Amino acid sequence: MTFTPRVFSGVQPSGSLHLGNYLGAIRRFVAMQDDYPCIYCVVDLHAITVWQDPADLVSATRHVTAAYLAAGIDPAKSIVFNQSQVSAHAELAWIFNCVARMGWLGRMTQFKEKAGKDRENASVGLFAYPTLMAADILAYQATHVPVGEDQKQHLELTRDIAQKFNHDYGARLAELGHADGLFPMTEPIIHGPATRVMSLRDGSKKMSKSDPSDNSRINLTDDADAIAQKVRKAKTDPEPLPSETKGLEGRPEADNLVGIYAALAGTTRDAVLGEYGGAQFSVFKPALAELAVNVLAPLNDEMRRLVADPAHLDAVLKDGSARAAAIAAPVLADVRRVVGFVG
Ligand code: TRP
């Protein structure tokens, strides 16, 4: 069976969104709308794998939705919804919990990082996080998933689950007319400049909402002054910028700032260095701050406008959920029959 190309991706509603979420994920989601039917999810079920204050979860869900729309995702064309409104995700995740092996999940680096030393105290949901992610993707038989580099391992696991399901239920699938399997081998799409945006305080760490220093990240809700100040304070080294990307090796902070500039300007690191090679950071940083403000200010304004009208955002999510549920329903019906559930 060949699968109709379809894109699925998701962002967690936990904490505030930052430049890494925008450049690494949301902006790329926008670009894919012209080439594929796309489903963009606010993964609230994933968010609660670590404690979320309920009122904050409500607000973060609306914020991610607002960021999707402000960035240019068209909810008439693409499907925008929150995960918990479509029960297929939780249902298929349970079945995948019975397909995936403990050993597979135990190898996931994101679990090891997030659970830290106190693994005994991590939620069962945090351990099972990747099976829910596989369910997100495979409930829609999605073929392409734009994600950051850090999610590659979860995509590999998604393929392992799809393959094992197709294999374990092979005979039954053939009887029911799915001789080539029910689930596609989903491809991650990882490319473009600055898919990995690093901390402004430490070029070896990802920009993250959980970093205790707010100066380490540019939040999508930061105003122009805050953005300019964070860029000014960003960690650098004393050397001027090199004139070729090779010169950025071993200079993670310089590499990060050049990468951010390139991504914001829609160009390459080489082109940026063509212009700023030899320049001191005292020259480059103000240019970067101005560019960041120019790109982010309209996004920021539009997010504010959208967040002020929660009823509209909730209606978008409800409409998207109904459309998503309609796509997942026949897949889940096949899964139930294949597994041998009566009814
Ligand atoms: N785990 C992803 C992240 O943290 C979010 C996510 C959940 C996701 N389900 C997904 C991404 C399905 C792509 C497809 O970035």
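The values are calculated or read from the model by the stated rules, or taken from the named source; none is laboratory data. All values derive from a computational prediction rather than experimental measurement. So basically every Cβ, Gly included, is an ideal-geometry build from the backbone, and we count neighbours across all protein chains shown.
Among residues belonging to the range 151-160 that are more than 7 Å from the ligand (Cβ to nearest atom) and free of Cβ contacts under 8 Å to residues at least 60 places away in the same chain, point out the one that is surrounded by the most Cβ atoms within 10 Å (Cβ to Cβ).
Out of the qualifying residues, it is T158.
State all residues of the range 106-144 that are within 13 Å of the ligand (Cβ to nearest atom), in a helix (DSSP H, G or I) and aliphatic (A, V, I, L, M); if no residue qualifies, say none.
L126, A128, L132, M133, A134, A135, I137, L138
Considering only the range 20-43, state which residues are touching a strand residue (DSSP E or B) at 6+ places or on another chain (Cβ under 8 Å) and part of a helix (DSSP H, G or I).
G20, N21, A25, I26, R28, F29, M32
Kindly indicate whether any position in the range 123-134 is in contact with a strand residue (DSSP E or B) (Cβ under 9 Å, 6 or more places away or on another chain) and either in the same structural domain as G15 (by TED's automatic domain parsing) or in contact (Cβ under 8 Å) with a residue 12 or more places away in the chain (or both).
Among the residues of the range 123-134, at least one is in contact with a strand residue (DSSP E or B) (Cβ under 9 Å, 6 or more places away or on another chain) and either in the same structural domain as G15 (by TED's automatic domain parsing) or in contact (Cβ under 8 Å) with a residue 12 or more places away in the chain (or both), which makes the answer yes.
Just for the range 1-24: of the residues that are at pLDDT below 90 and surrounded by fewer than 23 Cβ atoms within 10 Å (Cβ to Cβ), which one is nearest to the ligand (Cβ to nearest atom)?
G15
Got a sec? Which of L313, L306, L273 is farther than 27 Å from Y140 by Cα, surrounded by 18 or more Cβ atoms within 10 Å (Cβ to Cβ) and under 25 Å from the mean Cα position of the chain (by Cα)?
Being farther than 27 Å from Y140 by Cα, surrounded by 18 or more Cβ atoms within 10 Å (Cβ to Cβ) and under 25 Å from the mean Cα position of the chain (by Cα) holds for just one of L313, L306, L273, which is L306.
What is the number of the single condition among (1) within 19 Å of N21 (Cβ to Cβ); (2) within 15 Å of the ligand (Cβ to nearest atom); (3) surrounded by 18 or more Cβ atoms within 10 Å (Cβ to Cβ) that A66 does not meet?
The one condition A66 does not meet is (2).
Pick from the range 167-186 the residues that are free of Cβ contacts under 8 Å to residues at least 60 places away in the same chain and surrounded by fewer than 19 Cβ atoms within 10 Å (Cβ to Cβ): which of them is nearest to the ligand (Cβ to nearest atom)?
In this case the residue turns out to be M185.
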